[in-house]
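The values are calculated or read from the model by the stated rules, or taken from the named source; none is laboratory data. Everything numeric in this text was worked out from a predicted model, so none of it was measured. Neighbour counts run over all protein chains shown; Cβ positions are idealised from the backbone, glycine included. Keep in mind that these areas ignore ligands, DNA and RNA; they rest on the heavy atoms of the full protein, side chains included. Shrake-Rupley method; radii C 1.70, N 1.55, O 1.52, S 1.80 Å.
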Amino acid sequence: MQYKSLGLLALAAVLTLVTAQSPAATPIGVLPSYIPVSTKPISAPIFQDGPVDPAVSCSALLAAVAGAAPGSLTSLTTAAPVIMSSKRYGPGTTAPTDRTVYVGASLASASPPAKLGVVLYWHSTGNTPAEIQPSAFAGALKDTIVIAPRSALAPLQFEWHLVLGTAMHDVWLADDLVACLAQSPRVDTARIFTAGFSAGAIHSTYLSLFRPHYLAGAVIWSGGMLRSPLLSQNATVAATVGAAAQSSGTAAALAAYGSIPASRAVIPTIVTSGGPKDNVVVAFTTTTILGLDVAWTQAAIGTAASGSTSASPVLPAVWCTHTLGHRMVLGAEVMVPFLTKLSFTDNNVAPVVAGTPADGYACQVVTASLVGFESAAVVKAAGAALLAQGKSSSSSSGTGST
């Protein structure tokens, strides 16, 4: 990330707090009290029928996706962007917030599929979506459309709303982008991913945990979380979405947006951190561990709530470490296979990072809580309560809990 001197001063207090409170000293409590878990199975992506705000049109985005030429990703920000505008995309209450969104396509493979995967890319602080253009990742990616919003916040505010704050504006933008993309005949809706670097990776961490409903996976370059627990306002999203006029079909499943599906509590994720030098205002190895621990706990409660007898949760996460500091790494050798081979129904990330990556990076599958966020007893009790709640709701309504 890049910062001006005022940014360093403004974030000094946050850094002090993060340093003083280690992940082990910041327990997340009983997760279900603020992140409801649905016991209703989910086997296919859940999308809104369209943008929640009826004033938002998908036309420009769909046209940009249809017209994105193979290879245009490497000149992503030279093309005219799409402008999405809504009061939901920013803090304004009287006027809508305009969001700039860039659209590009990777190079095509020798035999490209009829439908392409999508990566929602979130840039780092002080930068723009142009940061991805010269990367080895962009040059090696195939058969993928990249949708890259520009932040609505200034660098001094860490760019994305969830990095330091609690507002869901960027999550709601992602919801609407995906709802539009689901209407494109060029998009494979089972292969929609989130990815980001630095502040964008922190945002992607939250998005991956809030939206397992439609994301196939996540790529986190030096991200994680600055704080825990997860945010209680996510539980209110269902009411916000439900108030919108929706047509049919997926609208019936929108209540799930306010809860985490037990059968898919955590999506396949590749996380990187760059060792002691991965420290730009924030110690990203620390935030990475915090993010992985929250994910592990969410997976543990999801496993328990689903009625599984497994002794430990399934956390489809791989943590790749290196010593190159604050950089985007693992482009061609790890990230590209992950983004081109996985789909929504896959839950095993290990095969795509088999072997030792280039340049000495070391990757490991995360099989346990790294610093013991929650005891096994707390997780088991929380999951059992949710399972009982789900069965009770199912017997009384016939639909299962949401």
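Side notes on the structure shown:
- Those residues of segment 154-170 which are in a helix (DSSP H, G or I) and either over 15 Å from Ser85 (Cα atoms) or modelled with pLDDT under 90 (or both), in sequence order: Pro155, Leu156, Gln157, His161, Leu162, Val163, Leu164, His169
- Test: residue in segment 30-46 that is in a strand (DSSP E or B) and open to solvent by less than 30 Å² (accessible area, probe 1.4 Å): yes
- Complete set of residues in segment 75-93 that are within 13 Å of Ile147 (Cα to Cα) and within 23 Å of the chain's Cα centre (by Cα): Leu76, Thr77, Pro81, Val82, Ile83, Met84
- Per the listing Val266, Val271, Val280, the residue uniquely over 23 Å from Ser135 (Cα atoms) and modelled with pLDDT of 85 or more is Val266.
- Filter result for Thr77 (in a helix (DSSP H, G or I), open to solvent by 20 Å² or more (accessible area, probe 1.4 Å) and in contact with a helix residue (DSSP H, G or I) (Cβ under 9 Å, 6 or more places away or on another chain)): yes
- Test: residue in segment 95-118 that is at pLDDT below 90, farther than 20 Å from Thr78 by Cα and aliphatic (A, V, I, L, M): yes
Every residue, every condition in (1) part of a strand (DSSP E or B); (2) out of contact with any Lys or Arg (no Cβ under 6 Å at 6 or more places or on another chain); (3) open to solvent by less than 10 Å² (accessible area, probe 1.4 Å), yes or no:
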{"residue": "Leu120", "(1), (2), (3)": "yes, yes, yes"}
{"residue": "Ile145", "(1), (2), (3)": "yes, yes, yes"}
{"residue": "Pro185", "(1), (2), (3)": "no, yes, no"}
{"residue": "Leu215", "(1), (2), (3)": "no, yes, yes"}
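- Within the set Ala105, Ala66, the sole residue that is of a type outside the set (Asp, Glu) and open to solvent by less than 10 Å² (accessible area, probe 1.4 Å) turns out to be Ala105.
- Residue check, Tyr102 touching a residue at least 60 places away in the same chain (Cβ under 8 Å), closer than 18 Å to Ala195 by Cα and aromatic (Phe, Trp, Tyr): no
- Check on Ala154, without any contact (Cβ under 8 Å) to a residue 40 or more places away in the chain and either over 26 Å from Thr323 (Cβ atoms) or aliphatic (A, V, I, L, M) (or both): yes
- Met84 meets each of the listed conditions (1) hydrophobic (A, V, I, L, M, F, W, C); (2) farther than 22 Å from His169 by Cβ; (3) surrounded by 15 or more Cβ atoms within 10 Å (Cβ to Cβ) apart from (2).
- No other residue among Ala130, Ala60 is buried (at least 16 other Cβ atoms within 10 Å of the Cβ), closer than 27 Å to Ser343 by Cα and aliphatic (A, V, I, L, M) apart from Ala60.
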